[in-house]
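To start, the structure under review is shown below, and the notes come after it.
Only the coordinates and a few stated rules stand behind these numbers; no lab work does. Quantities reported herein were computed from a predicted structural model and do not represent experimental measurements. Virtual Cβ from ideal backbone geometry, glycine too; neighbours counted across all protein chains shown.
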Amino acid sequence: MQDIRETVFEVLRAVLPIILVITIFKIALLRVPPSDLLLFLLGSGMVILGIALFLSGVKAGLLPVGEAIGSELPARGSLLLVVAGSFLFGFLTIVAEPNLRVLTEMLDAVPGAGIPSGPLLLAIAVSVGFVITVAVLRIIFGFPLAYLFVVGYGAILLLAPFSSPEFLAVAVDAGGITTGLLTIPIILALGTGVSAVLAGRSALTDGFGLIGLASIAPILGVMVMGLVYA
Amino acid sequence: MIAAAFLAGIDLVALEVVQALLPLVIFFSVFQVLYLKLPRVYVVNLAKGILLASLGMVLFLQGVNVAFLPAGREIGEAVAAFDQRWLLIPFGFFLGFLATYAEPAVRVLGYQVEESSSGYIKESLILYTLSLAVAVSVSLGMARLVYGIPLLWLLIPGYLLVIVLLLFTDKEFVGIAFDSGSVATGPMAVTFLLSLAVGVAAGIEGRNPVVDGFGLIALIALAPILSVLMLGILYRRTRGEET
């Protein structure tokens, strides 16, 4: 509990500035009624408490769990476990990401969008699973991360002219959507966990980059899906 | 009436959070039974942490939805009515900085960087670098809305610059840089800053709220990559002088 109290103070310092500025705007510029201001302040209190609990929980639960899984993957010396484990980890994390459901529901709501949401979800999850696997293999075999990004962005630029405008727009949005607030610590910890147990790899140099890759993978996945459908 | 507005939709938020956590819990349980075999007390503590994180996430998302989302739009519409439109640019800088300074995912990344580097790269350094980067991208986004600059004019040089900086930066910073782009587009940016931009776009004649407002997220995802890569160049320089 001591920890949580400290975290609350830290979060207060983080969030108070923007709350103050908005409050001043609401009073001076917008002249909102008191009930509106009260709702804002209550909501802000909820945000402060929420971030404090979230950060404490991430440090005590999510990061250690992700790291435990990450450090166990290469420890068995079985490449099959690494590949199957990383793929499933990425795939399942993305299938469950709530943001993605918002995207597919929006697509279903647009009549005649021509993009079926089931295959779309599958394309996004498979591409993230694939990229997470490649990223974990990269940490183990140690080729430079920058190559992956250059290849990834290069492929996006190559495919973009061939994609239909609808698929292109959905693809770019899908990239931003897959990395939600819960997915970030989980995937972050997987990378640092894998690199922490390997000799000659540092968590700092090799452990990061998975989230960045996880947000370009869906762009490629959706573009490829668009080509297949066309 | 306030209570009803306050809690509207919280059950959906809770359901989403539980659903997002489910795969991790299942995955961990399988690993725990087959391989990890961690002591029971430790596992109970982890479970408490996960529970805490989910509860916090529900409160945070609900709070952002009822407090910050409407505030962003109201303020955006109000400031778009200013006579001196250029004021939107410093204004965007200011709010972009503050929103990222409050973004929880940015702190998670900063914490993990400080831990992984054993304190060599401080959490606060990552925090300020990202906050400044988002501040610059929001002020660019505002400039775009005021003067009608096409989004691609900013995005294409931006990504070309990423490639150039990749050649010169310290390799320790590459992964962090690309992660930063995704981390900065967290709930604060997507709800508050996006609704701010949509509000401004709605208030300026000839701007389409959907098309012009949404380009902001692309800018917010790009700027932190650039700023962390530049940080890597600075680090490489100072280290080069030492050795």
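Some observations on this one:
- Shielding score for B:188-196, defined as the mean number of other chain Cβ atoms within 10 Å: 1
- Highest-MSF residue in chain B out of B:MET230, B:MET142, B:MET188 [GNM, Cα springs under 10 Å]: B:MET230
- Unit charges at the beta carbon, dipole of the protein assembly as shown: most positive-side option, B:PHE94, B:VAL113, B:ALA218: B:VAL113
- Counting Cβ atoms of other protein chains within 10 Å of each Cβ in B:142-151 and taking the mean gives 0.
- Ratio of Rg to Rh over chain A (Cα coordinates, Kirkwood Rh, two decimals): 1.06
- Per-residue mean of C-beta atoms belonging to partner chains within 10 Å, peptide A:170-182: 5
- Under the span-like rule (Cα at least 15 Å along the axis, Kyte-Doolittle mean at least 1.6), DSSP H helices of chain A: A:34-57, A:79-95, A:117-141, A:145-159, A:183-197, A:210-229
- Helical segments meeting 15 Å axial Cα length and Kyte-Doolittle -0.5 threshold in chain B (DSSP H): B:10-31, B:40-63, B:69-80, B:88-101, B:104-116, B:123-147, B:151-168, B:172-184, B:209-242
- Those GluC sites (Glu not before Pro) in the stretch A:1-92 that DSSP places in a loop and that have at most 10 other beta carbons within 10 Å: none
- Taken as Cα centroids, the stretch B:178-220 and the stretch A:71-106 sit 29 Å apart, rounded to the nearest whole angstrom.
- Taken as Cα centroids, the stretch B:28-59 and the stretch A:1-25 sit 27 Å apart, rounded to the nearest whole angstrom.
- Mean-square fluctuations from a GNM of chain B, with a 10 angstrom spring cutoff on Cα atoms, peak among B:LEU165, B:LEU125, B:LEU55 at B:LEU55.
- Distance between modelled label sites at A:ALA28 and A:LEU12, nm, 7 Å Cα→Cβ extension: 2.4 nm
- Estimated purely from DSSP H runs of n ≥ 4, each contributing -39500 (n - 2.57), the mean residue ellipticity at 222 nm for chain B is -26500 deg cm²/dmol once divided by its residues.
- For chain A, built as a Gaussian network whose Cα springs stay under 10 Å, the top-fluctuating residue of A:LEU120, A:LEU12, A:LEU92: A:LEU12
- What you get for the stretch B:82-242, charging only the Cβ of Lys and Arg (+1) and of Asp and Glu (-1), is a dipole of about 240 debye around the Cα centre.
- Ranked by the mean number of other Cβ atoms within 10 Å per residue, highest first, peptides B:149-160, A:178-189, B:83-94 order as A:178-189, B:83-94, B:149-160.
- Stokes-Einstein diffusion for the stretch B:82-242, with the hydrodynamic radius set to the Kirkwood value over Cα pairs and evaluated at 4 °C in a medium of 1.567 mPa s, equals 81 µm²/s.
- Chain B: relative contact order as a whole-number percent, Cα under 8 Å and 6+ apart: 26 percent
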